[in-house]
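Following: one structure in structure tokens, then a few remarks.
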Ligand code: LUZ
Ligand code: MOS
């Protein structure tokens, strides 16, 4: 089945926040902030702005009835700063005017006197001053010191990865409409309930007075898991103050300056191997740049620790995470959620070990892949482990040894253009690491004309979750997909939703929809059996036809529903799904936090122009574990998109903050994202054969985040190509590897 949204997208009919038809007297908001990343606010005077014609009101912390607090991870984030700001772009006030142009102009008339304070942008600087968002977190298993003592080779080093702008095509935004009982907000958020809860808290309302509606998002990638809330709350606050609809949409530079991004990490590693290249011990310290408030930094840090050994078995592990408070915007969820940052470090460590020992890196990787029944360092046992099977299929299908040989030959005969390759195995745990978040709701209505409406907590953000839910409903009820519509996500229809995140949107919400459909199906079959005067075991509904004792009945779906309605059969059902058997002990850092793991392996081939520092990604060949894919076209799109986003993170995308904490790369002319010219010339994706997953939706596996990690291969492959001209000496593991940095590494200043 093709993605149900593809024709809407390609004909421009998909409706986003900016397409939402607003009342004629809608007002527009503009957020005011000052040109500083850390300052004491001495004086704030909005009177000049308020006098500008067209300005209807201004809002500051003084306008808040409830708590001036929007922090999710901790109560450390005011909606409007009062006495101090801690990052460049932190909101201080909102101007509300008849047009967005007037609101923007008026914000320039706000007078704010402030005193700059010292700015910290680097996590290690923060750590030296004990500026942590949470106490250090340590996961360990076995005894690393004993492990290292038994090793033939011990290698240590440092690895760094940069931040990343989400660059969702649709910027952050919301429209708030005052209602009789409270407020209704249309928001571009992954987490409607988080928006609802925070509006209730700030406006001093009960949650049932707040309705949050989400049609679809023009991309999110984690950037709207938490950080869509701010703008929705501001719009709601303004709307309830002036009793008119208020729309607030950030322009691109403001969005890039004011919102948090992927966490940059700088990490120290030590890895120990025996004479057979078995990794006996691994130790790492991760310094996470958390930004100025807690936000999702703690769970992101936890996921770095969970995934710090990637797809390898390591008997002795000690990994420690430091969530460092700096004066950057609060960094937040971004596809992979700390996993890629953790995995980069062990891949760098293995690469460093291979170079120090003088052995092919793939030999070490392969020798240490996780086996069925082995335990991760947090105690969960790998079941239906696909690490070795993915690697083996990659070898069968894409012959990496032959590729390596061809590259060697090429490099021997070419001075300027050097080729390199790398294999990246992946392993990613599926479930929110916070067990309580692994639940979802669904509400299915069958209307009396036979048409079916499905509501869940899932937010469609381009990833195709609605298509998968629709397929699940069609399959479970046994009806033609044409009868079914997936509705918007709305807190009045589905309560207490987890954000659509952690790659688990289709799993959780699809399973809830499946449960609701099973209830309806049972009611309908009971009714059909009674209607025919037969036993329920003899009737079924399949592919839109009614079946009795193996024979097709002369009764349409529509007719069945008409009859059932006449007989007062309940044609609506709600269900909740909660992933079973998850547990994790935060004290001992042990348990089984994941429903299952996603595996895979990719080979990346590149060519580096060693004169200019430029490179091309020639080919990425991957064997990816989809389980039994529900929708191969949707899933392939996820792999391709994630791969390219991962390549961007590793190669092109470079956030630069100046010493005062100002983001210098706040436009698309200064922040380079991969386009079609920097995409791999060829992407070959093979599904891993015979992977079944009873813990997933209809045997499928989650797909959103794991393939992002394949991007690491582009960094390693470029590095390997550079190695052919730089023998010995330092070649740092410091991403992103922009052409400028490649050139600088190839021709270091003496
Ligand atoms: N969000 C979250 C996530 O709140 N918890 C998680 O474990 C997670 N994992 C991946 C992406 N988003
Ligand atoms: Mo996410 S990083 O699954 O919002």
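The values are calculated or read from the model by the stated rules, or taken from the named source; none is laboratory data. Since the model is a prediction, treat every value here as computed from it, not as a measurement. When we count neighbours, we look across all protein chains shown, and the Cβ atoms used for this are built from the backbone with ideal geometry, even at glycine.
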Cβ pairs under 9 Å, 6+ apart or interchain, first in region 579-608 and under 30 Å from residue 407 (Cα atoms), second at pLDDT below 95 and surrounded by fewer than 22 Cβ atoms within 10 Å (Cβ to Cβ), ordered by first then second residue, are 608/724; 608/725; 608/746
Could you tell me whether residue 577 is surrounded by 17 or more Cβ atoms within 10 Å (Cβ to Cβ), out of contact with any helix residue (DSSP H, G or I) (no Cβ under 9 Å at 6 or more places or on another chain) and under 29 Å from residue 469 (Cβ atoms)? no
Note on region 438-461: residues out of contact with any strand residue (DSSP E or B) (no Cβ under 8 Å at 6 or more places or on another chain) and either within 30 Å of residue 590 (Cα to Cα) or more than 16 Å from ligand 1 (Cβ to nearest atom) (or both) are 448, 449, 450
With the checklist (1) within 22 Å of the chain's Cα centre (by Cα); (2) within 30 Å of residue 590 (Cα to Cα); (3) surrounded by fewer than 21 Cβ atoms within 10 Å (Cβ to Cβ); (4) away from ligand 2 (no atom under 16 Å from the Cβ) in hand, flag the one item residue 133 doesn't pass. (3)
Would you pick out the residues in region 356-392 that are in a helix (DSSP H, G or I), closer than 29 Å to residue 582 by Cβ and in contact with a strand residue (DSSP E or B) (Cβ under 7 Å, 6 or more places away or on another chain)? 387, 388, 390, 391
Hey, among the residues in region 652-684 that are farther than 24 Å from residue 258 by Cα and in contact (Cβ under 8 Å) with a residue 60 or more places away in the chain, which one's surrounded by the most Cβ atoms within 10 Å (Cβ to Cβ)? 680
Verdict on residue 496 being within 16 Å of ligand 2 (Cβ to nearest atom), touching a helix residue (DSSP H, G or I) at 6+ places or on another chain (Cβ under 7 Å) and under 19 Å from residue 580 (Cα atoms): no
Of those in region 110-130 that are assigned to a loop (DSSP other than H, G, I, E, B) and touching a strand residue (DSSP E or B) at 6+ places or on another chain (Cβ under 7 Å), the residue surrounded by the fewest Cβ atoms within 10 Å (Cβ to Cβ) is 117
Count - residues of region 501-540 that are away from ligand 2 (no atom under 16 Å from the Cβ), touching a strand residue (DSSP E or B) at 6+ places or on another chain (Cβ under 7 Å) and not in a helix (DSSP H, G or I): 3
Out of the residues in region 208-233 meeting the condition of being more than 16 Å from ligand 1 (Cβ to nearest atom) and under 18 Å from residue 75 (Cβ atoms), tell me which one is surrounded by the fewest Cβ atoms within 10 Å (Cβ to Cβ). 230
Might you check whether a residue that is buried (at least 24 other Cβ atoms within 10 Å of the Cβ), closer than 23 Å to residue 400 by Cβ and more than 16 Å from ligand 2 (Cβ to nearest atom) occurs anywhere in region 318-335? no
Scan of region 404-437 for residues that are more than 16 Å from ligand 1 (Cβ to nearest atom) and either more than 25 Å from residue 601 (Cα to Cα) or modelled with pLDDT under 95 (or both), ordered by number: 412, 413, 414, 415, 416, 417
If we scan region 151-167, do we find a residue that is in contact with a helix residue (DSSP H, G or I) (Cβ under 7 Å, 6 or more places away or on another chain), under 30 Å from residue 14 (Cβ atoms) and surrounded by 15 or more Cβ atoms within 10 Å (Cβ to Cβ)? yes
For region 308-346, how many residues are more than 10 Å from ligand 1 (Cβ to nearest atom), in contact with a helix residue (DSSP H, G or I) (Cβ under 7 Å, 6 or more places away or on another chain) and part of a loop (DSSP other than H, G, I, E, B)? 8
Listed by first then second residue, the pairs whose first member lies in region 470-499 and is more than 16 Å from residue 450 (Cβ to Cβ), whose partner is in a loop (DSSP other than H, G, I, E, B) and more than 16 Å from ligand 2 (Cβ to nearest atom), with beta carbons under 7 Å and at least 6 positions apart or on separate chains, are 471/1; 471/630; 471/631; 488/215
Got a number for residues in region 653-677 being closer than 20 Å to residue 613 by Cβ and touching a helix residue (DSSP H, G or I) at 6+ places or on another chain (Cβ under 6 Å)? 3
Take region 609-641 and flag every residue that is over 26 Å from residue 1 (Cα atoms) and either in a loop (DSSP other than H, G, I, E, B) or free of Cβ contacts under 8 Å to residues at least 60 places away in the same chain (or both). 610, 611, 612, 613
Please list, ordered by first then second residue, the pairs with beta carbon atoms under 6 Å, 6 or more apart or interchain, first in region 333-346 and within 16 Å of residue 223 (Cα to Cα) and touching a residue at least 24 places away in the same chain (Cβ under 8 Å), second near ligand 1 (Cβ under 8 Å from one of its atoms) and in a loop (DSSP other than H, G, I, E, B). 333/222; 333/225; 333/296; 334/222; 335/222; 335/705; 336/705
Listed residues 376, 428; which is within 16 Å of ligand 2 (Cβ to nearest atom) and within 25 Å of the chain's Cα centre (by Cα)? 428
Just to be sure, is residue 471 under 22 Å from residue 299 (Cβ atoms) and modelled with pLDDT of 95 or more? no
Among the residues in region 450-462, are any surrounded by fewer than 24 Cβ atoms within 10 Å (Cβ to Cβ), free of Cβ contacts under 8 Å to residues at least 24 places away in the same chain and over 30 Å from residue 566 (Cα atoms)? no
Quick one: how many residues across region 446-470 are assigned to a strand (DSSP E or B) and closer than 15 Å to residue 489 by Cβ? 4
So, in region 697-750, how many residues would count as being in a loop (DSSP other than H, G, I, E, B) and more than 16 Å from ligand 1 (Cβ to nearest atom)? 17
Check every one of the strands (runs of 3 or more DSSP E) wholly within region 234-296 and list those with 2 or more residues that are over 28 Å from the mean Cα position of the chain (by Cα) and more than 18 Å from residue 78 (Cβ to Cβ). 265-273, 279-291
